[in-house]
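The values are calculated or read from the model by the stated rules, or taken from the named source; none is laboratory data. It should be emphasised that the depicted structure is a prediction, and the values quoted were computed from it without experimental measurement. FYI the Cβ positions are ideal-geometry reconstructions off the backbone, even for glycines, and counts take in every protein chain you see. Ligands, DNA and RNA are stripped out before the accessible areas are found, and what is left, the full protein with its side chains, is counted by its heavy atoms. Shrake-Rupley method; radii C 1.70, N 1.55, O 1.52, S 1.80 Å.
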Protein chains: 2
Amino acid sequence: MDAGREILVADGWDAVTYVSVAERSGVGRTTLYRHWPTIEQFLHDVLLRDLTAAHHTPVGVTRDDLIEELDRFRIELHNPLVERSILTIIDRASRNADFARLSDELYHTRSLTLAQIIRAARKSGDIDATVDVTRAVAELAGPLVYQRLLGRKTITRKFVENLVNDFLRAHRTPAR
Amino acid sequence: MDAGREILVADGWDAVTYVSVAERSGVGRTTLYRHWPTIEQFLHDVLLRDLTAAHHTPVGVTRDDLIEELDRFRIELHNPLVERSILTIIDRASRNADFARLSDELYHTRSLTLAQIIRAARKSGDIDATVDVTRAVAELAGPLVYQRLLGRKTITRKFVENLVNDFLRAHRTPAR
């Protein structure tokens, strides 16, 4: 799997084959076939291993929790391997059921902790109790994706902090 | 170019070759080579043609202008061809200079009209004059990218309207 990951990062999805993985790893092709009957299954396992990255464990302080969790995502997006994996997955998801599943897992995993923080903030009154969680997650994670995956920009922690400030301003509980 | 686009949508980037394009279009391979010395140049032209999609012409009403421009982007993202083109471009941008250029053009073009509306809104006082334009654009376009390209969700016009409402709440001019 390390060999497959190295090939993926260096040369992209198409370069990952039973032959190239066997060559680089020294593992026999027969062994590879036995573990992963299709190359898609192999790549699924390689990619998933890297995308179950550490998330922040919320401590109950809305602003800090949002910044910490988003900052992990920011750092992840600057890791060439993760970037490449995400792009490979979403590019293939429209044409391959294995990758569609992986893409859904990725979206779900990425959204989970943010959704948890937002629900807690609705409960505590830090943000409006009527905020739509799905939209809120997209408002927080989306700008990072736009800047990094489309714009290929370097994102700073300051950007994340300002994003969270804007988010909290948009959604604070209306004064009674 | 129509043939190339059809192959791209159906089977992805790797299926677009001089041979497949010549076969589908009836145009001789020699002619293709003459016009596009590399297949990357050919794809550049195919993709760029589709991504110079119509933008909204701002009329000077901030909320309406933002909704109209973002709604065009929303519709674009539900067009399988555009979706595929964007994914192909950003996937290849990290490894190919032609695609890196194309990706920058895409990001720039997508941001241009939104930036124009935001600058006008800063001037008119509809939003805070200190709003950072780059971040503002990412806050508007990013959530659509996250929902559609990562989440593979259908986005409604209502989502766009709510997004713009949240954005304006976050950035309205502070009361004096």
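Over the C-alpha trace of segment B:125-176, radius of gyration and Dmax come out as 12.8, 43 angstrom. When a/c is below 1.5 the answer is rounded, else prolate if a/b is larger than b/c, else oblate, so apply that to the protein assembly as shown with a ≥ b ≥ c taken from the square roots of the Cα gyration tensor eigenvalues. Since a/c reaches 1.5 but b/c is at least a/b, the shape of the protein assembly as shown is classed as oblate.
With a cut-off of 14 Å on the backbone N, the residues of segment B:127-154 near the modelled label site 7 Å out from B:Leu168 along Cα-Cβ are B:127-128. Using the average count of surrounding beta-carbon atoms within 10 Å as a protection proxy, the listed peptides A:23-29, B:59-65 rank, highest first, as B:59-65, A:23-29. The helix-based estimate of mean residue ellipticity at 222 nm for chain A, built from -39,500 (n - 2.57) per DSSP H run of four or more residues and divided by its residue count, is -22500 deg cm²/dmol to the nearest 500.
In a simple Cβ point-charge model (Lys, Arg +1; Asp, Glu -1; nothing else charged), segment B:21-112 has a dipole of about 400 debye relative to its Cα centre. For chain A, the longest principal axis of the Cα atoms and the long axis of helix A:97-124 meet at an angle of about 20 degrees. Rounded, prolate or oblate: pick one for segment A:80-167, where a ≥ b ≥ c are the square roots of the eigenvalues of its C-alpha gyration tensor, a/c under 1.5 means rounded, and failing that, prolate if a/b is larger than b/c, else oblate. Cα axes put segment A:80-167 in the oblate bin. Interface B-A: total buried accessible area of about 3800 Å², 1.4 Å probe, protein heavy atoms only. Between B:Leu140, B:Asn79, B:Gly60, the Cα set farthest toward the positive side of the dipole of segment B:53-160 (charges on each charged residue's Cβ, about the Cα centre) is that of B:Asn79.
For segment A:7-150, report the accessible area per residue in Å² (1.4 Å probe, heavy atoms, rounded to an integer).
Roughly 43 Å² per residue, with all protein chains present.
Residue by residue, segment A:86-96 carries 3J(HN,Hα) couplings of 4, 5, 4, 5, 6, 5, 7, 4, 6, 10, 9 Hz when phi is fed to the Karplus relation 6.51 cos²θ - 1.76 cosθ + 1.60 (θ = phi - 60°); x denotes Gly or Pro. Subtracting the Cα-Cα distance of A:Thr156 and A:Lys123 from their residue separation scaled by 0.36 nm leaves 8.9 nm.
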